[in-house]
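Below is one structure, written out as structure tokens; the observations come after it.
The values are calculated or read from the model by the stated rules, or taken from the named source; none is laboratory data. Bear in mind that the values here come from a model prediction, so they are computed numbers and not experimental data. Every residue, glycine as well, gets a Cβ built from its backbone with ideal geometry; the counts of neighbours run over all protein chains shown.
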Protein chains: 2
Amino acid sequence: MTTPLSDEFRAAAQRSRAAARSLRTLTADEKNRALAVIAEQLDRDGEQIAAANAEDLARAQQQGTAAGLLDRLTLTQDRLDEIVEAIAVVRDLPDPIGEVIRGYRLPNGLSVEQIRVPMGVVGMIYEARPNVTVDAATLCLKSGNAALLRGSASAANTNAALVATMRRALMSESMSADSIQLVPGTGHETVDELIGARGLVDVVIPRGGAELINRVVTGASVPVIETGVGNCHIYVDAAANLDQAVAIVVNAKTQRPSVCNAAETLLVHRAVSDEFLAKVSVALADHDVTLHADEEATAAVAGSGVEAVPVTDADWAAEYYSFDLAVGVVDSVDQAINHIQRWSSGHTEAILSDSATTVQHFLAAVDSAAIAVNASTRFTDGGELGFGAEIGISTQKLHARGPMALPELTTTTFVITGNGHIRS
Amino acid sequence: MTTPLSDEFRAAAQRSRAAARSLRTLTADEKNRALAVIAEQLDRDGEQIAAANAEDLARAQQQGTAAGLLDRLTLTQDRLDEIVEAIAVVRDLPDPIGEVIRGYRLPNGLSVEQIRVPMGVVGMIYEARPNVTVDAATLCLKSGNAALLRGSASAANTNAALVATMRRALMSESMSADSIQLVPGTGHETVDELIGARGLVDVVIPRGGAELINRVVTGASVPVIETGVGNCHIYVDAAANLDQAVAIVVNAKTQRPSVCNAAETLLVHRAVSDEFLAKVSVALADHDVTLHADEEATAAVAGSGVEAVPVTDADWAAEYYSFDLAVGVVDSVDQAINHIQRWSSGHTEAILSDSATTVQHFLAAVDSAAIAVNASTRFTDGGELGFGAEIGISTQKLHARGPMALPELTTTTFVITGNGHIRS
């Protein structure tokens, strides 16, 4: 079950561990200075990075890569500028390390403090977009962790150039370059090595499609934070403000359908379903949304110009990431809750209702990372919630749930201070 | 790699999930009332429970079980009384559910609250001691979780009687009996089912020896909280108060050597090693402790009456859980830190020193769940730290680290409340 680690991988992971030890004791000023130098160096090395990216793009084009993937792979000067600007945001965030989460004095005089400390070595597994390389590395650095990165083979040259630049910056500050490393190689076995490196890697965060996440979660002996798969629901209650509801459904479905916090299923209370569905379907038709609708919903949207096909169980389960929306009519908030309990991936659900009692009931019963009340599902995002940055959105219950930023990249140590105290 | 679930196990886990849904919405008063009724029922069913325990003991004796294990298996009236008293302590703890961990208003007017909610279904895998059955079930109930318990085969009758009593109490309160269940069967395959029940079980907490923990951690697809293995170190600095240090070392090694927070290795700064080791070895000889000592330490303890044998790498790695102690002399605090980084299991280390600078340096560099400063390692314990209860001591970095009680059995939901807010 466990992949044996290659000598090369083991050596790299051990260098990461050594770097992590030196990162533990850095001050916030030292880490911020390193981040500033990294930003400057990325600016300075723009041409080399662009050349490396051009190589990746040329190879991808030769291989007939789809346009969407090519776009994600492309690192324009504007995108590099955004990456550099994002580093300034990370630099300005408060350092999580050293924060006292709990602190108290026991009756026997022992003083107890639970203090945030770095995780150690953070492994990241991600797909084409090269900005993740810099985002992950700088968030890890700010939180005192060594980053061991496994990007996609399609971005290998770009990632190598970005990491080489960041390492050069660290060395110019006399800091360990191994604070930021790519795993050796880009083959599939490197994923297995990273998730099997128990004792060398402290946590692995996969960012990507359901297939990657599933492979990591079932194969890992290193602790994992599962991220980002979202089958998000919107429930429009009998007591909803229907004009607001139209705007929210359109926003949640169409503003950026390819992301995990976009809405995939709409459930409407029967008391308002005819009126609401007639309205919202006109608006959705403008965005060329296809509805996958149950019988009642299909009848209600007739004549609106929206395309409607019969809904199946596969639709209720789907994370479309496209201009498709499953639609059903329900008898009650409880039926909506039951539907969500059966089909949701536990990312984000929205309830649109002016009834405080109904909202309260929905909040108590629904078990998801985030619940939006009279707001779009699209707000489940580290940037939108004011975290200043995001390393991913956890859809598991352990350690972190929902958008993750710096505190989620830390663990804690209890410091128990006495004066010769022994236990009786 | 993943064990297929038996129909019986799957059905049981689904009943746990259904029970978990009803537990989510209970008030603290309702849960406390159930705990009170459970305590009363355990009191009332004492004879049946004793009879079941007698069966387990008779079978264990027939099988030639060792005296220590027989003792752990034995449920005397006094021990049952202690179990019942412990429920009152859990009842008096604050309900973690509903606690607002973070709450703020965003510039756009959205209100954000991160609220503690139950995990859902908590799987526990543990060994002989029957008190864990009640401790785990009541801590899960108080935190709104369904408990799916897998005790050892040797305690099967006792555990069945305890669980039957607790379920009877829940039914008398019209609460779901499936809030507390044993997995069907006691064979080895039930461990594999529990750790492979991804999507049915939200977290598994193994409590037991290194072999069990390792099996769970490497085989699980359900998220795991690793607990309880401890190779704890004490470093006696050049600036230590040596009389205090003698008392602390004797306490940490001998007060209860069979537990994970007992000390296993003693490292002494060369500046005080002759004087300190001469003193401490006399005290340890009184407790029949065997030292596994390096050359210098061996020379220093000569004539004290303590038994000393040469130390090996196996000793530095050992969690003895016995009256054995590995002892080494070091040149500096940094040499002690390096030794700890190499050999520690990351549970608890102690530094005994009156130098604030040295303590600070040790705290910054050592990466363990707990660090005791001028105190015994034995304080790393939920009860001692004032948590009122303990479900285990986490030795992993994800989710919880160190002693775990009610808050560690919860996750969170972000509630994002707007007034028709959409994302632009």
**OP:** Inspect segment A:65-77 for any residue being at pLDDT below 95, closer than 26 Å to A:GLU193 by Cβ, of a type outside the set (S, T, N, Q) and in a strand (DSSP E or B) and give the result as yes or no.
**Re:** no
Original post:
If you check B:GLU127 against the conditions, is it away from every other protein chain (no Cβ under 11 Å), charged (D, E, K, R) and either closer than 22 Å to B:THR190 by Cα or buried (at least 20 other Cβ atoms within 10 Å of the Cβ) (or both)?
Top reply: yes
**OP:** Filter segment B:361-413 for residues that are hydroxyl-bearing (Ser, Thr, Tyr) and either in contact (Cβ under 8 Å) with a residue 40 or more places away in the chain or outside any loop (DSSP other than H, G, I, E, B) (or both) and give the result.
**Re:** B:SER376, B:THR377, B:THR380, B:SER394, B:THR395, B:THR410, B:THR411, B:THR412, B:THR413
Original post:
Quick one: would you say B:ALA405 is in the same structural domain as B:ASP95 (by TED's automatic domain parsing), within 28 Å of B:LEU93 (Cα to Cα) and at pLDDT below 95?
Top reply: yes
Original post:
For B:ILE213, are the conditions met, namely being surrounded by fewer than 24 Cβ atoms within 10 Å (Cβ to Cβ) and either part of a helix (DSSP H, G or I) or in contact with an Asp or Glu (Cβ under 8 Å, 6 or more places away or on another chain) (or both)?
Top reply: yes
Subject >> Residues that are of a type in the set (D, E, K, R) and either more than 12 Å from every other protein chain (Cβ to nearest Cβ) or outside any loop (DSSP other than H, G, I, E, B) (or both), drawn from segment B:246-266 >> reply: B:LYS253, B:GLU264
Subject >> Exclusive hit being among the basic types (Lys, Arg), assigned to a helix (DSSP H, G or I) and farther than 24 Å from A:THR190 by Cβ, set A:ARG116, A:ARG91 >> reply: A:ARG91
**OP:** Being under 14 Å from the mean Cα position of the chain (by Cα), crowded, with 20+ Cβ neighbours inside 10 Å and either among the small types (Gly, Ala, Ser) or over 18 Å from B:ILE416 (Cβ atoms) (or both) narrows it down to one of A:ALA405, A:ALA372, A:ALA336, so name that one.
**Re:** A:ALA405
Original post:
Counting only residues that are among the charged types (D, E, K, R), closer than 23 Å to A:ASP202 by Cα and under 21 Å from the mean Cα position of the chain (by Cα), how many does segment A:69-118 have?
Top reply: 1
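One line per residue, one yes/no per condition, for (1) touching a helix residue (DSSP H, G or I) at 6+ places or on another chain (Cβ under 7 Å); (2) not in a loop (DSSP other than H, G, I, E, B):
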{"position": "A:HIS339", "(1), (2)": "no, yes"}
{"position": "A:GLY346", "(1), (2)": "no, no"}
{"position": "A:ILE351", "(1), (2)": "yes, yes"}
{"position": "A:ASP354", "(1), (2)": "no, no"}
{"position": "A:THR357", "(1), (2)": "no, yes"}
Original post:
Which condition breaks for A:THR218 when tested against (1) of a type outside the set (Gly, Ala, Ser); (2) at pLDDT 95 or above; (3) in a helix (DSSP H, G or I)?
Top reply: (2)
Original post:
Considering only segment B:249-273, how many residues are modelled with pLDDT of 95 or more, hydroxyl-bearing (Ser, Thr, Tyr) and farther than 10 Å from B:CYS232 by Cβ?
Top reply: 2
**OP:** Report whether or not B:GLU319 is outside any loop (DSSP other than H, G, I, E, B) and of a type outside the set (A, V, I, L, M).
**Re:** no
Original post:
Which ones in segment B:167-210 are among the hydroxyl-bearing types (Ser, Thr, Tyr) and either modelled with pLDDT under 90 or not in a helix (DSSP H, G or I) (or both)?
Top reply: B:SER174, B:SER176, B:THR186
**OP:** Scan B:GLY392, B:GLY383, B:GLY388 and give me the residue that is more than 7 Å from every other protein chain (Cβ to nearest Cβ), under 19 Å from the mean Cα position of the chain (by Cα) and crowded, with 18+ Cβ neighbours inside 10 Å.
**Re:** B:GLY392
Original post:
Out of all the residues in segment A:168-181, is one or more buried (at least 19 other Cβ atoms within 10 Å of the Cβ) and in contact with a Phe, Trp or Tyr (Cβ under 7 Å, 6 or more places away or on another chain)?
Top reply: no
Original post:
Taking segment A:395-424 as the region of interest, how many residues are at the interface with chain B (Cβ under 10 Å from one of its Cβ atoms) and in contact with a Gly (Cβ under 6 Å, 6 or more places away or on another chain)?
Top reply: 2
Subject >> Only listed residue being at the interface with another protein chain (Cβ under 8 Å from one of its Cβ atoms), out of contact with any strand residue (DSSP E or B) (no Cβ under 9 Å at 6 or more places or on another chain) and not polar (S, T, N, Q), chosen from A:ALA356, A:ALA375, A:ALA365 >> reply: A:ALA365
Original post:
What number of residues in segment A:267-278 are crowded, with 18+ Cβ neighbours inside 10 Å and either touching a Ser or Thr at 6+ places or on another chain (Cβ under 6 Å) or closer than 16 Å to A:THR298 by Cβ (or both)?
Top reply: 5
Subject >> Filtered residues of segment A:104-124 (kept if of a type in the set (Ser, Thr, Tyr) and either more than 8 Å from chain B (Cβ to nearest Cβ) or surrounded by 18 or more Cβ atoms within 10 Å (Cβ to Cβ) (or both)) >> reply: A:SER111
**OP:** Give A:ARG33, A:ARG17 a once-over and let me know the one that is surrounded by 14 or more Cβ atoms within 10 Å (Cβ to Cβ) and within 14 Å of another protein chain (Cβ to nearest Cβ).
**Re:** A:ARG17
Original post:
In this structure, is A:GLY392 at positive phi and touching a Gly at 6+ places or on another chain (Cβ under 8 Å)?
Top reply: yes
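To keep it simple, each residue is scored yes or no on (1) more than 21 Å from B:ASP334 (Cα to Cα); (2) crowded, with 22+ Cβ neighbours inside 10 Å.
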{"residue": "B:GLY230", "(1), (2)": "yes, yes"}
{"residue": "B:VAL236", "(1), (2)": "no, yes"}
{"residue": "B:ALA239", "(1), (2)": "no, no"}
{"residue": "B:ALA247", "(1), (2)": "yes, no"}
{"residue": "B:PRO257", "(1), (2)": "yes, no"}
{"residue": "B:ASN261", "(1), (2)": "yes, yes"}
{"residue": "B:THR265", "(1), (2)": "no, yes"}
{"residue": "B:HIS287", "(1), (2)": "yes, no"}
**OP:** Say whether the condition of being outside the structural domain of B:ASN338 (by TED's automatic domain parsing), more than 24 Å from B:ARG79 (Cβ to Cβ), more than 16 Å from the chain's Cα centre (by Cα) and of a type in the set (Ser, Thr, Tyr) is met by at least one residue in segment B:159-166.
**Re:** no
**OP:** Could you identify the single residue in A:VAL100, A:VAL89 that is under 20 Å from A:GLY392 (Cα atoms) and exposed (fewer than 15 other Cβ atoms within 10 Å of the Cβ)?
**Re:** A:VAL89
**OP:** Go through segment B:221-245 and give me each residue that's more than 9 Å from chain A (Cβ to nearest Cβ) and either in a strand (DSSP E or B) or within 18 Å of B:LEU149 (Cβ to Cβ) (or both).
**Re:** B:VAL222, B:THR227, B:GLY228, B:CYS232, B:HIS233, B:ILE234, B:TYR235, B:VAL236
